[in-house]
Amino acid sequence: MKSSAAFLLAALSFTSAALAENWPSWRGPNQDGSSGETGLPVKFSTTEGVRWAADVPGLSASVPVVWKDSIFITAPIDAEKKLVGLCYDKLTGKEKWRTTISEGSEVQWDDKSNLASPSAVTDGDHVYFLFANAVAAACDFNGKILWKRDFKETHGAFATQWTYGSSPALDGGKLYIQVLQRNESFKFQDKFEKGTAGKDMSSYILAVDPATGKDLWKHIRPSLASTESLEAFSSPIFTTYKGQRLMLISGGDTLTIHDAATGKEFSRLATWNPPGEGYNKFFRLVPSPVVGDGMAIVCAPKNSPIFAMPLDSKGETKPVWQTEPKGVTSDVPTPAFYKGKFYVLDGGKKILSCLEPKTGKVVWSGELGGKTKFESSPTVVDGKVYCINFWGEVYVAKANTDKFELLGMNEMGNGSKPNGNAASVRASVAVSDGCLFIRTQDKLYCIGKKVQALP
């Protein structure tokens, strides 16, 4: 009997470990804001359900990236004029190391974001950091810099009016950096030079060798857009469909699908802002594309509709569906996909919606509530949708239902409730090993069951 019980216990432990997932990039293990983790809490606070809370040296929109017993974030240290990569122990919250990646310059270019907005990405052996001043580095899990590059030297400074925020991505043994920018250098607020005069300011996707930091290829991505509409703060998304590894890029008034290995463009969505047709509004794009059930969706900016295209589209294609004008939309948060449904957060109106991928049919929409905006993206796990707003309030709604149901709201912020966008919480919730990892104004929280190191 003892041997049988021991065998059962070992089997259960193995199963639990096998189900535990890392969160290796800003949108998680599936690149869609979802995870297969279970046992996540509905009710918690800064004192309830907290496994640990760690101080962070600076506010940033970068999402905690988790691999086994390590958590990686980026942060600005304004007083020291430094941009740093940090590693925390997942079991205790203790800071393992901080490595300065860039120093000696401003860490903030506008009042809404700073140069540490891009999230890190890891392959389990190394972690890669990218900052909005075009400086990137690879570190080992002890914080040692393996290589560092300033992309301004070879490709020019990023020419975006607002602070660059695209996160790097890893796929197929390549490190990808997306730069969708204005096609000429310019001065912002009569203070900051954006882009580099004399350099080619075309928008591009860069594939880099993760081992050396050297360029593998550069794919120029053309667009009919102009001025601010050329700018995007989305990140590349990868998926496999019908045996083909694909890369999806949103921005420049369109969505494009590429061969992930070479960057070759397979298809693009007909622009939602055609020249000469009266619209011609110049707005940057923030949300990344999302894939589910053979479909890709993209959220056009500033309360415009959501557009969908099949993953096997070829050439220029019209959307197979789009949401109604002034209907379901998202200006900043990237939607999530979970168990056959898209989840879209309208951060300004504070409305969460559930959509069917094939048709765009709205299954439900519901008001989260609160008095401030959401600019973080929803995380869907364990049948729950987690959304965190500017003040650090985490709203939890039920997923996989035929009607909206709000399960609760949890106050995780430090009590600061700034007017406007300054000093606001923007980092999405990360999930690993049965725990939520929540980054607020000055803390990193681990919420959930007892943390164990992943095998």
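If the condition is being within 13 Å of the chain's Cα centre (by Cα) and part of a strand (DSSP E or B), then region 112-129 contributes only VAL121.
Using the structure shown, decide if ILE101 is under 19 Å from PRO210 (Cα atoms), under 20 Å from the mean Cα position of the chain (by Cα) and among the aliphatic types (A, V, I, L, M). No. When VAL363 is tested against (1) of a type in the set (Val, Ile, Thr); (2) over 19 Å from the mean Cα position of the chain (by Cα); (3) assigned to a loop (DSSP other than H, G, I, E, B); (4) under 18 Å from GLY33 (Cβ atoms), just one condition goes unmet, and that condition is (3). Within region 90-111, is there a residue that is crowded, with 24+ Cβ neighbours inside 10 Å, modelled with pLDDT of 95 or more and basic (Lys, Arg)? Taking every residue of region 90-111 in turn, at least one turns out to be crowded, with 24+ Cβ neighbours inside 10 Å, modelled with pLDDT of 95 or more and basic (Lys, Arg).
For every residue, the table says whether it meets (1) open to solvent by less than 10 Å² (accessible area, probe 1.4 Å); (2) closer than 20 Å to GLY327 by Cβ.
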position	(1), (2)
LYS361	no, yes
GLU367	no, yes
SER377	yes, yes
VAL380	yes, no
TRP391	no, no
VAL396	yes, no
ALA399	yes, no
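Can you pull out every residue in region 172-203 that is within 25 Å of CYS139 (Cβ to Cβ) and either surrounded by fewer than 21 Cβ atoms within 10 Å (Cβ to Cβ) or touching a Gly at 6+ places or on another chain (Cβ under 6 Å) (or both)? If the condition is that a residue be within 25 Å of CYS139 (Cβ to Cβ) and either surrounded by fewer than 21 Cβ atoms within 10 Å (Cβ to Cβ) or touching a Gly at 6+ places or on another chain (Cβ under 6 Å) (or both), then GLY172, GLY173, LYS174 are the ones that fit.
Among the candidates GLY195, GLY165, GLY173, single out the residue that is within 22 Å of SER288 (Cβ to Cβ) and touching a Ser or Thr at 6+ places or on another chain (Cβ under 6 Å).
GLY165
Quick one: count up the residues across region 223-267 that are more than 22 Å from the chain's Cα centre (by Cα) and buried (at least 21 other Cβ atoms within 10 Å of the Cβ). Counting residues in region 223-267 that are more than 22 Å from the chain's Cα centre (by Cα) and buried (at least 21 other Cβ atoms within 10 Å of the Cβ) gives 1.
Residue count for region 122-142, restricted to those that are open to solvent by less than 10 Å² (accessible area, probe 1.4 Å) and farther than 16 Å from THR212 by Cα: 3.
Take ILE73 and decide whether it is hydrophobic (A, V, I, L, M, F, W, C) and more than 16 Å from TRP23 (Cβ to Cβ). Steps first, please.
Values: hydrophobic (A, V, I, L, M, F, W, C): yes; more than 16 Å from TRP23 (Cβ to Cβ): no.
Criteria not met by ILE73.
Is region 145-168 home to any residue that is open to solvent by 40 Å² or more (accessible area, probe 1.4 Å), of a type in the set (Phe, Trp, Tyr), more than 28 Å from GLU228 (Cα to Cα) and assigned to a loop (DSSP other than H, G, I, E, B)? Checked region 145-168: no residue is open to solvent by 40 Å² or more (accessible area, probe 1.4 Å), of a type in the set (Phe, Trp, Tyr), more than 28 Å from GLU228 (Cα to Cα) and assigned to a loop (DSSP other than H, G, I, E, B). Considering every residue within region 66-86, establish whether at least one is assigned to a loop (DSSP other than H, G, I, E, B), open to solvent by less than 10 Å² (accessible area, probe 1.4 Å) and touching a residue at least 40 places away in the same chain (Cβ under 8 Å). No - not one qualifying residue is present in region 66-86.
Taking the conditions (1) within 23 Å of the chain's Cα centre (by Cα); (2) in contact (Cβ under 8 Å) with a residue 40 or more places away in the chain; (3) not in a loop (DSSP other than H, G, I, E, B) in turn, TRP217 satisfies each one other than (1).
The values are calculated or read from the model by the stated rules, or taken from the named source; none is laboratory data. The shown structure was predicted, so the numbers you read here are calculated from the model rather than taken from an experiment. For neighbour counting, all protein chains shown are included, and Cβ atoms are generated from backbone atoms with ideal geometry for every residue, glycine included. For the accessible areas, the whole protein counts, side chains as well, though only heavy atoms, and no ligand, DNA or RNA atoms are used. Shrake-Rupley method; radii C 1.70, N 1.55, O 1.52, S 1.80 Å.
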